[in-house]
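Derivation of every value follows stated rules applied to the coordinates shown; laboratory data play no part. Keep in mind it's a predicted model, so treat the numbers as computed, not measured. Positions of Cβ are backbone-derived with ideal geometry, glycine not excepted, and every protein chain shown enters the neighbour counts.
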Amino acid sequence: MNAVQSQAASGFALELRDLRKNFGKTEIIRGANLQVRPGERVAIIGPNGAGKSTLFNLISGRFEPSSGEIHLNGRRIDGLPPYEINRLGLARSFQVSNLFTRLSVFENLRCAVLWSMGHRYAFWKFLADLHDANDRAEQVLEMVGLDKRRDHLAMNLTYAEQRALEIGITIAGGSQVVLLDEPTAGMSKSETRRFVQLIRQVTEGRTLLTVEHDMGVVFGLADKIAVLVYGEVIAFDTPEAVRANARVQEAYLGSVLAEQQAQGH
Ligand SMILES: Nc1ncnc2c1ncn2[C@@H]1O[C@H](COP(=O)(O)OP(=O)(O)O)[C@@H](O)[C@H]1O
Ligand SMILES: [Mg+2]
């Protein structure tokens, strides 16, 4: 890549170039390309096993790609460890909950803030920054609507509250690019509706990639939809354009929409 191309690439918050990942002999991510602009909200949809979580694991540095490139704000990040990618401004939530269940809501948030400030080892630095961390944790507590649960143990929260805490932990460090893996999984319709509103608020002004199955949520939340099928992004466009895309209809959306309509969604 020459300097001019490198400059052009820096217009994107996140860019995937011909990204591939094999597990053994099986290629799971098969040449994925994606260009996300700063501030865009992108929903990633696709059948189970398409590779959505794997894609997030690659972007966040949990897995190393077999080949291809990942750029965050124009800077190449593939091959970097997760904490460095996080330090460069990318945070993710997990499909399975990642809370310290025996710590309070506030302590969970404060840990996330401190971690983002680089306090894994240096205790003296930790003391110096504790005040800032407390302020930031209080702020996030309010953002995710858990101020009344401040001193409850995470294990005693309702399911929806735990998911809200999870979002708080994800954004606590102030990352500009946020990846959420099925944030509304397991929620009722009304919980989902409220939660989408929360996601909108806390990710305001940030770049969001979210894996989501509920098409109502997808069409309500996303500026753009990326359709991942067999490890390839087969469409990346506005919700209207994706809905009208014949290839997407055939590969995925036709059957899902029919199913969700039949269930009365
Ligand atoms: N660590 C792993 N080792 C081997 N296979 C994996 C691993 N992680 C995911 N896979 C496989 O990759 C495929 C895609 O999985 P995943 O990314 O979880 O799909 P999705 O999130 O779209 O449902 C699945 O067939 C899954 O079994
Ligand atoms: Mg998944």
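Net charge in the neighbourhood of T54 (other residues with Cβ under 13 Å of its Cβ; Lys, Arg +1, Asp, Glu -1) is +2. A crude spin-label estimate for the pair F219 and R87, with each label 7 Å from Cα along the Cβ direction, gives 4.5 nm.
Farthest toward the positive end of the dipole of the chain, out of V242, G174, G216, is the Cα of G174, where the dipole comes from beta carbon charges about the Cα centre. Exposure proxy ranking for L209, L80, based on other Cβ atoms within 10 angstrom of each Cβ and starting from the fewest, stands as L80, L209.
In this rough spin-label picture, where each label sits 7 Å from Cα along the Cβ direction, the Q263-R194 distance is 2.1 nm.
Entry note: the chain has Rg to Rh equal to 0.98, where both radii use alpha-carbon atoms and Rh is the Kirkwood radius. Extension gain, E64 to F100: 0.36 nm times the residue separation minus the Cα-Cα distance gives 10.3 nm.
With only Lys, Arg, Asp and Glu charged, each at its Cβ (+1 for the first two, -1 for the last two), find how big the charge dipole of the chain is about the Cα centre; round to the nearest 20 debye.
It comes to approximately 260 debye.
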